[in-house]
Amino acid sequence: MIIDMHTHAGRPRRTGDVDRSVLATMREAGMAAAVVAAIADIPMIRRDPDTKRLVKFRDPEPGECLAATEGYLDSFSNAGMRIAREPDEIRDGDPALVLAIEGCDFLEGDLDRLNAMEARGVRSIQLTHFLVNETGDVQTAPPVHGGLTRFGAGVVRRMNQLGVIVDVAHCSEDTVRGVVAASSKPILCTHANLREPGVPDGEHPRFISLDYARMVAESDGVIGAWLS
């Protein structure tokens, strides 16, 4: 059974309808499911012309990240694909989408928004993306919180209660350390590669150390390779 752990349904840099031609290739490729992620901070990030990497360029307006998240989720729900909410709904020969969110920026201090997202079918949420938000620090910006925040720990515990999987992709190593301490469930790092010093771009800021990888693995979690 083939499952894509992290994708944006062929449209990582724009809003609007998903690319149905991309989703249509799932059956031919033998994919049972694709985890499609809404990007909470999409209006606030852009590609740096020098490094070619995504970076924050402004702060969000109130409600802006929530609106971006809901817009993505609406487009996934309207893509003409089955949405899998439970493990037994992922089946060979009958491709489905699994809803996810990239970045808890949409919360704005309100844990009950996690309940609302779970109710609409979201089954995995990353704590951070490219903005340092109220849950913890990111890999690609200087630390602000020193790891997972108290609010971030509350987010982890609420997600555990709801049955929503915590994804630590993009989180700093100190943030992951806090997540492991706070979580009673296995965690994911859906898209990352191990650092390879001496290899071209082998120390990309999004790559992870062996200690980082071990923390995820020791939670009985899974790491997905990032095809960068």
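Of note:
- Translational diffusion of region 136-175, estimated by Stokes-Einstein from the Kirkwood radius over alpha carbon pairs at 20 °C in a medium of 1.002 mPa s, is 204 µm² per second.
- Helical runs (DSSP H, four residues minimum) scored at -39500 (n - 2.57) apiece and divided by the length of the chain put the mean residue ellipticity at 222 nm at -8000 deg cm²/dmol.
- Computed on the chain, the Cα convex hull volume stands at 128 Å³ per residue.
- Under conditions of 20 °C and 1.002 mPa s, region 34-79 yields 182 µm² s⁻¹ as its translational diffusion coefficient, taking Rh as the Kirkwood radius over Cα pairs in the Stokes-Einstein equation.
- Surface composition of the chain: carbon and sulfur atoms hold 52% of the protein heavy-atom accessible area at a 1.4 Å probe.
- Each residue, Arg91 and Met1, gets one label point 7 Å from its Cα in the Cβ direction; the gap between the two is 1.2 nm.
- Distance from the C-alpha centroid of region 14-71 to that of region 87-116: 14 Å, rounded to the whole angstrom.
- Modelled label reach - Val222, point 7 Å along Cα→Cβ, region 32-53 residues with backbone N closer than 13 Å: 32-36
- Whole-number accessible area per residue in Å² for region 140-220, which is evaluated in the context of all protein chains at 1.4 Å: 49
The values are calculated or read from the model by the stated rules, or taken from the named source; none is laboratory data. Remember, it's a predicted structure, so these values are computed and weren't measured experimentally. Positions of Cβ are backbone-derived with ideal geometry, glycine not excepted, and every protein chain shown enters the neighbour counts. All accessible areas refer to the heavy atoms of the entire protein, side chains included, with ligands and DNA or RNA removed. Shrake-Rupley method; radii C 1.70, N 1.55, O 1.52, S 1.80 Å.
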